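S.K.: For reference, the structure I am asking about is given below.
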Amino acid sequence: MWRTHFACRALIFFILLAGWTGHCAGSDQERLIVRDGKKLICTVWFATTMHGDCGTDSYDAVFTAKIVAARQVHGRADQPTAEALRATPGSDFRLTVEPQEIFKGRPSREVQILAEQGDCFAEVRVGEEWLFFTVRSEKTGELEISYHASNPSGPVEQRHNYVERLRRLARGDGLSFIAGEVDFPLNDFSKLNHSLRITSKDEKQHYSAVTDAQGKFEIGPVAPGVYSIDADTDPQFRNLWNRLESTEPKGNGCSFVRVQLEINSEISGTVILPEGYEYKKSEIGNLFPLFAVEVDTSDGKQVRGTTIGDPLRFVVRGLAPGSYIVQLVNWQGESWLRMPVYAPGVTDTSSALRIELGLAEHRTGLEIRVPPEALKRATEAAN
């Protein structure tokens with residue numbers, strides 16, 4: 001019943017303990033873009049970590065350079081995927097450049113740079129000056145740019161903030177910077193001027209920041225140390241991980257943190273077992289092992305799910321406004337119970353428990369009774 005990508009299966013144990021969403025991040029994925037009326041399919045690596053480097057620590061060479069020549073080479077995107085989407089695989093570029101301002105590493109006056117999925121970057125123009133964040137390829141020994149979710153390489157005219165930050169870090173005054181992005185749950189939400197609170201570990205230093213139109217923010221210079229980033233400043237949103245993101249910038253360094261928000265909504269309630277049944281906790285955690293709760297859209301597409309904790313309570317958060325079906329499902333190995341429970345005694349979606357949820361609305365106190373026959377089947381399957 002749940003269609004889980006192979007790359008996500010390693011996360012099943014964590015998912016069963018902590019809840020899940022309908023997608024898997026942290027893998028190679030195809031990204032369709034349109035440039036000059038032409039569809040391009042680009043393979044993009046999405047970072048799983050919420051933290052990263054916004055200075056130079058993660059790179060072998062960071063510098064600005066003028067592009068002297070650019071040559072397209074064969075793209076690495078998946079050809080079948082491109083054909084299915086009637087798109088062209090994005091091309092890579094080999095760039096010949098003349099370094100201008102060097103922040104790290106020792107690029108020669110003329111250096112070849114392999115830029116994976118070059119078409120997926122900003123448009124490359126000969127004569128233009130770029131800011132390059134590069135790593136050295138283990139296979140070729142050349143500096144290269146990978147189209148990574150957080151790689152900030154691009155035209156200098158579009159990267160003024162990065163260049164100014166790197167210049168400040170190069171002063172060697174021992175101070176630090178904190179930069180980051182706030183990922184909002186829906187594309188139609190404004191990312192401009194969302195407030196954040198930044199607090200030092202000893203709570204003696206307090207800062208505030210707001211996001212720009214792309215959800216980015218930055219503070220500094222600040223003293224090196226451990227800081228907490230709190231983005232729960234709008235009642236419509238809440239931190240996805242239900243905790244403060246923390247970062248530890250070092251002297252003359254810059255720490256990057258990605259904060260994920262979800263809509264501050266909730267569907268919660270209790271699972272009620274048949275009379276006389278003795279509740280038994282799972283051996284691997286404080287949860288009810290036989291069933292889970294799934295929330296689907298009215299047309300049957302899974303949106304969110306969660307385990308059932310002690311005492312038989314469930315909470316599903318982060319739902320966009322809409323109409324949902326709440327159901328009980330049984331997980332055994334890699335198969336789902338064929339007869340899910342949609343409401344007390346209901347096994348047909350036509351009589352399902354339907355919830356109309358508004359923006360940031362909380363619907364609590366729901367009850368789902370487990371029919372005796374469903375509990376019997378689940379118990380037998382578990383044994």
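The values are calculated or read from the model by the stated rules, or taken from the named source; none is laboratory data. Owing to the predicted nature of the structure, the values given are computational and were not obtained by experimental measurement. So basically every Cβ, Gly included, is an ideal-geometry build from the backbone, and we count neighbours across all protein chains shown. Heavy atoms of the whole protein, side chains included, go into the accessibility calculation; ligands, DNA and RNA do not. Shrake-Rupley method; radii C 1.70, N 1.55, O 1.52, S 1.80 Å.
S.K.: Is one or more of the residues making up the range 146-160 open to solvent by less than 60 Å² (accessible area, probe 1.4 Å) and more than 27 Å from the chain's Cα centre (by Cα)?
M.R.: No, the range 146-160 contains no residue that is open to solvent by less than 60 Å² (accessible area, probe 1.4 Å) and more than 27 Å from the chain's Cα centre (by Cα).
S.K.: Still on this structure, I have one more. If only one of 218, 203 is in contact (Cβ under 8 Å) with a residue 12 or more places away in the chain and either among the charged types (D, E, K, R) or touching a helix residue (DSSP H, G or I) at 6+ places or on another chain (Cβ under 9 Å) (or both), which one is it?
M.R.: Answer to the check: 218.
S.K.: OK, next. Based on this model, can you work out whether residue 96 counts as farther than 30 Å from residue 210 by Cα, in a loop (DSSP other than H, G, I, E, B) and hydroxyl-bearing (Ser, Thr, Tyr)? Quick ask: steps written out before the conclusion?
M.R.: On the way: farther than 30 Å from residue 210 by Cα: yes; in a loop (DSSP other than H, G, I, E, B): no; hydroxyl-bearing (Ser, Thr, Tyr): yes.
So residue 96 fails the test.
S.K.: Which of the residues belonging to the range 216-225 are open to solvent by 50 Å² or more (accessible area, probe 1.4 Å) and under 23 Å from the mean Cα position of the chain (by Cα)? Break it down stepwise before answering.
M.R.: Taking the range 216-225 first, the residues open to solvent by 50 Å² or more (accessible area, probe 1.4 Å) are 216, 218, 221, 224.
If the condition is that a residue be open to solvent by 50 Å² or more (accessible area, probe 1.4 Å) and under 23 Å from the mean Cα position of the chain (by Cα), then 216, 218 are the ones that fit.
S.K.: Determine if the range 252-260 includes at least one residue that is of a type in the set (A, V, I, L, M), surrounded by 16 or more Cβ atoms within 10 Å (Cβ to Cβ), more than 20 Å from the chain's Cα centre (by Cα) and closer than 27 Å to residue 317 by Cβ.
M.R.: Taking the range 252-260 first, the residues of a type in the set (A, V, I, L, M) are 257, 259.
Checking which are surrounded by 16 or more Cβ atoms within 10 Å (Cβ to Cβ) leaves us with 257, 259.
Then drop every residue that is not more than 20 Å from the chain's Cα centre (by Cα), which leaves none.
Checked the range 252-260: no residue is of a type in the set (A, V, I, L, M), surrounded by 16 or more Cβ atoms within 10 Å (Cβ to Cβ), more than 20 Å from the chain's Cα centre (by Cα) and closer than 27 Å to residue 317 by Cβ.
S.K.: Starting from residues that are open to solvent by 20 Å² or more (accessible area, probe 1.4 Å), in contact with a Lys or Arg (Cβ under 9 Å, 6 or more places away or on another chain) and outside any strand (DSSP E or B), keep the ones in the range 284-336 and report whichever is modelled with the highest pLDDT.
M.R.: Here the answer is 298.
S.K.: Quick one: is residue 246 at pLDDT below 90 and not in a helix (DSSP H, G or I)?
M.R.: Values: at pLDDT below 90: yes; not in a helix (DSSP H, G or I): yes.
Spelling it out, residue 246 is indeed at pLDDT below 90 and not in a helix (DSSP H, G or I).
S.K.: Can you find, within the range 354-368, the residue that is farthest from the chain's Cα centre (by Cα) among those that are of a type in the set (A, V, I, L, M) and more than 12 Å from residue 298 (Cβ to Cβ)?
M.R.: The initial filter retains those residues of the range 354-368 that are of a type in the set (A, V, I, L, M), namely 355, 357, 359-360, 366, 368.
Imposing the further condition that a residue be more than 12 Å from residue 298 (Cβ to Cβ) reduces the set to 359-360, 366, 368.
Working: 359: 21, 360: 20, 366: 30, 368: 32 Å.
Applying the filter and picking the extreme gives 368.
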